[in-house]
1. Which one is most open to solvent (accessible area, probe 1.4 Å) among residues in segment 368-403 that are touching a Pro at 6+ places or on another chain (Cβ under 7 Å) and under 27 Å from Leu109 (Cα atoms)?
2. Are any residues in segment 323-349 charged (D, E, K, R) and surrounded by fewer than 18 Cβ atoms within 10 Å (Cβ to Cβ), and if so, which ones?
3. Count, please, the residues in segment 354-364 that happen to be out of contact with any Phe, Trp or Tyr (no Cβ under 9 Å at 6 or more places or on another chain) and either open to solvent by less than 30 Å² (accessible area, probe 1.4 Å) or hydroxyl-bearing (Ser, Thr, Tyr) (or both).
4. Scan segment 544-566 and tell me whether some residue there is free of Cβ contacts under 8 Å to residues at least 60 places away in the same chain and either open to solvent by 20 Å² or more (accessible area, probe 1.4 Å) or closer than 27 Å to Val377 by Cβ (or both).
5. Of all residues in segment 381-400, which are of a type in the set (Asp, Glu) and part of a helix (DSSP H, G or I)?
6. Only one of these is without any contact (Cβ under 8 Å) to a residue 60 or more places away in the chain, open to solvent by less than 10 Å² (accessible area, probe 1.4 Å) and not β-branched (Val, Ile, Thr): Ala129, Ala139, Ala77. Name it.
7. Can you give me the number of residues within segment 355-387 that are more than 24 Å from the chain's Cα centre (by Cα) and touching a residue at least 12 places away in the same chain (Cβ under 8 Å)?
8. Which residues, taken from segment 510-523, are part of a strand (DSSP E or B), open to solvent by 60 Å² or more (accessible area, probe 1.4 Å) and not polar (S, T, N, Q)?
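The values are calculated or read from the model by the stated rules, or taken from the named source; none is laboratory data. Quick caveat: nothing in here was measured; it's all calculated off a predicted structure. Quick reminder, even Gly has a Cβ in these numbers, built from the backbone with ideal geometry, and neighbours come from all protein chains shown. To get the accessible areas, we keep the full protein, side chains included, count just its heavy atoms, and leave off ligands, DNA and RNA. Shrake-Rupley method; radii C 1.70, N 1.55, O 1.52, S 1.80 Å.
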Amino acid sequence: MTSSSGASRRQVLAVAAAAATAPLLAGAPARAAGAAPAKTWDLTILGTSDTHGNVYNWDYYKDAEFDDSKHNDVGVAKLATLVNQIRAERKGKATLVLDAGDTIQGTPLATYYAKQEPITVTGETHPMANAMNVLNYDAVTLGNHEFNYGLPLLAKWIEQLGFPALAANAINEKTGKPAYLPYVIKPVNLGGHGAPALNVGILGLTNPGVAIWDKGNVEGKLIFADMIETAAKWVPIMRDRGADLVIISAHGGDSGTSSYGPELPNENPVALIAEQVPGIDAILFGHAHNEVPEKFVTNKTTGEQVLTSEPSRWGQRLTRMDFTLTREKGRWKVVAKGSTMLNTNTVVEDPTVLAAVRGQHTKTVDYVNKVVAQCTVELSAVESRYKDTPILDFINHVQTDVVTKALSGTAYAGLPVLSIAAPFSRTAVFPQGDVRIRDLAGLYVYDNTLEAVVISGAEVKAYLEYSAKYFKTFAVGDTVDPANISDPAVPDYNYDVISGVDYDIDISKPVGQRITRLVLPGTDTPVAADAQFVIAVNNYRRSGGGNFPGVVKTQVYNEQQEIRQLLIEWAQAKGAINPADFFVPNWKLVRAGVPVF
């Protein structure tokens, strides 16, 4: 793999401009003296990804305009302004707009029209369909989060789109055929006179991790094939069917690694696709939420440079890919290509997109601002990664309560119930006084459902050891800075705390040897390896998300109840959130037995 520098990119893009005095590409035949320069045309492809239900530049959890430490903006309305500016600038020239997936999940706006007033029941057009239809995309790839709400809702959303939704590697298990449109070949008029249409092939690849992350929605219905193998299958077919330019829109990162085990195809194979599959001109990709303005990858078979780009997340960035083409012996040839990244905080929101979603946005804002309970003191998640905090215990208490009641009268009623929770948010706060739905939603930002399995004492320890890899190693005496306490390779959502047992995590010890104390609650009695527990987990974890040990097994509880909604209902029923009702300090970070904090 080779990544272009700014200098190399300028060199690539300068090729066409220098055509009058130099060959178009290294090794190209020299032009006869006095010959006219080859005529060129240009194509621009704009790319978005991981918009995650963001239309307005709005933070529903704070009930305020979105802002972060880098002053990013979010939303399709911002993207639309940039897209329309580029379309106006290129009037009469070809401009395509693609999206690489994760569209209908991620904000209370998206959740509302999946859960509170689901479009499958009301028939209302999903806000992300309303917004994207105004922007007038040419194609969207299905991301893994498109499957979160089940196949019927996904099908309804696709039906509402005014453009194709692609996923070549999502296979109907019964028929063995693609469950969704694999690709489109779009004839494009490059402008000017005398040039035939350029046929742009767009192949969509979704993420194989869906088979784990949404197992409950897709098991027995869909199979998710390897993205590299799928590209190798379809790219030659697209070329044979007339594609002059092949673009892949892929919902997978380019790291070459997976967050799950080797039983599924690679989660982030974009660089490998570019290296191994001939015939690809460029890849727009997503999933990893990274900002990759421009990266060239050398195909090992042809030596051609494949252009790749990833436009961050939530509508914060827009990828712009520019291609210069010429005609040689009746065929189109790319003579230069490159990409840049545009920041949506440089523009205002597009009023047409805002208008298309205004009623749905307003309804969502009203919903999330409903008061559900009173909190006796302010509870914050800011320290939840490295300290036992009441606000994370609130999640575990509700989960434990629900599972315990559900198992009453069953064969599992006598087993102690443990629970896991992860610090999804570093900024979540329950204010003293009024607690609103948005406060609870800001603590639990994912649409996970609650499940439970039986787990042994040995498996509890193995689970905690695996979770404890989240922390860097700090020798006794070293300064521990909470801001840099975690391994950047492990996201916060893959660090779990467990309630129902007491334990210490020694961060001076190597990974795998850190659980130095694991006892029954309020005692000094070690948890026996053969002890039996029920543990409440979310569906993502239970189905293998994060590759945690000991919980990928048959559920003893699974009523498809959304955890966020359980938190809301518990708070509404109680009317008060008082840490005295649920806060049980049961874990701490130590070094040689001495607490770190």
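1. Filtering segment 368-403 for residues that are touching a Pro at 6+ places or on another chain (Cβ under 7 Å) and under 27 Å from Leu109 (Cα atoms), the one most open to solvent (accessible area, probe 1.4 Å) comes out as Glu378.
2. Arg327, Glu328, Lys329, Arg331, Lys333 - these are the residues of segment 323-349 that are charged (D, E, K, R) and surrounded by fewer than 18 Cβ atoms within 10 Å (Cβ to Cβ).
3. Adding up the residues that qualify gives 1.
4. For segment 544-566, residues free of Cβ contacts under 8 Å to residues at least 60 places away in the same chain and either open to solvent by 20 Å² or more (accessible area, probe 1.4 Å) or closer than 27 Å to Val377 by Cβ (or both): present.
5. Taking segment 381-400 as the starting set, the residues that turn out to be of a type in the set (Asp, Glu) are 383, 388, 393.
Asp393 - this is the single residue of segment 381-400 that is of a type in the set (Asp, Glu) and part of a helix (DSSP H, G or I).
6. Working: Ala139 fails: without any contact (Cβ under 8 Å) to a residue 60 or more places away in the chain; Ala77 fails: without any contact (Cβ under 8 Å) to a residue 60 or more places away in the chain.
Exactly one residue qualifies, and that residue is Ala129.
7. Residues meeting the conditions: 18.
8. Pass one, segment 510-523, residues part of a strand (DSSP E or B): 515-519.
Next, from what is left, pick out any that are open to solvent by 60 Å² or more (accessible area, probe 1.4 Å): 516-517.
Within segment 510-523, just Arg517 meets the criteria.
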